[in-house]
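Worksheet: the structure to be examined is printed underneath.
Derivation of every value follows stated rules applied to the coordinates shown; laboratory data play no part. This structure is a prediction, so every number in the text was calculated from the model and none was measured. Here Cβ is always computed from backbone atoms with ideal geometry, including for glycine, and neighbour counts include all displayed protein chains.
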Amino acid sequence: MLPVEVAKARAMESSRPLRERVVDEATTEPMASTFEEWLASPKELDLPGVDVKSPLKFDKEEHFSAGRREVDGRMSATDSDGQLVGSLRYTWSPCNLNIDSVEVHPAFRGRGYAAFIMREFINMQDKLCIPASLQVAPYDVDDKPGLEREALEKLYTSFGFIPTRAENMMKRLPECRTKRERDRLMRECEDARRDWERLESRLDFPVPKVKPGQMVEVYYPVTGNVFKAKAVSEPVEKGEDIWKVKIIDKAGDPAYAVWSNKGGGFIYGDIER
């Protein structure tokens, strides 16, 4: 079966109601031999790499960060022998679920496990009824290179993620269980999305005009949130078209914000103690 057909089928599966998917993906059914055969009856047939029963077991660990008002989570995947196959790390904020990394250990690659890990993630996302985001960034595990950028984009696209205006960023809106849930999501996230779009439209400027004591808007790309912070310094040049300004963040801690006219608007930096 052609990979493009699997990707198309996976995207269709990912857009089905969560309740139907969970039942279908946990049930062993006759295997379809072609994409067209599965398409005619996806509830009665399984398709390799799409809705077959997962061979993996998943466990989650989550830790709340009071200072950042976020939850750092790790979804671990083990096989039938209890061996750790891989993991997915995420950051959960009030209006976004960001994938920080997806890892499959080198000894278990080539078996389609990354797709099962991603499937488990979007099921969790849809259950929470919250937008998700990620950055397409190849990385190594145990000094072994992972998927190339193009392959990663195809994998994420097959699960309903679409590119954003920010470089290498992708997002996915959830398939909420009810219209009431979807309406609640839209109300809660409307302001954040409007702020994000406004910042993305203001990418070209030479030097940020910031004075000590001034309130500035800071965009945090991990969660997609925008918050206001008090500047405590003048802009300091870090490099070509990149400027650094000390701030007091929303938790009351000293931090810094970095402005760049190349990378997607205002970017929140590391904590400075």
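Per residue, the average separation of C-alpha pairs within less than 8 Å and at least 6 apart gives segment 41-137 a relative contact order of 20 percent.
By the count of neighbouring beta-carbon atoms within 10 Å, fewest first, Leu128, Leu134, Leu56 end up ordered Leu128, Leu56, Leu134. Give me the distance between the Cα centres of segment 1-65 and segment 87-115, rounded to whole Å. Cα centroid to Cα centroid, the span is 17 Å.
Determine, for Thr91, Thr28, the number of other Cβ atoms within 10 Å of each Cβ, and report the residues in order from fewest to most. Could you put the intermediate results ahead of the total?
Numbers: Thr91 19, Thr28 8.
The most exposed by this proxy come first: Thr28, Thr91.
Evaluating 6.51 cos²θ - 1.76 cosθ + 1.60 at θ = phi - 60° for every residue in segment 27-32, the Karplus couplings come out as 10, 8, 10, x, 8, 6 Hz, glycine and proline recorded as x.
Coupling constants for segment 8-21 follow from the phi torsions by the Karplus curve (6.51 cos²θ - 1.76 cosθ + 1.60, θ = phi - 60°), and in residue order they are 5, 5, 5, 5, 5, 4, 5, 8, 6, x, 4, 4, 5, 5 Hz; glycine and proline get x.
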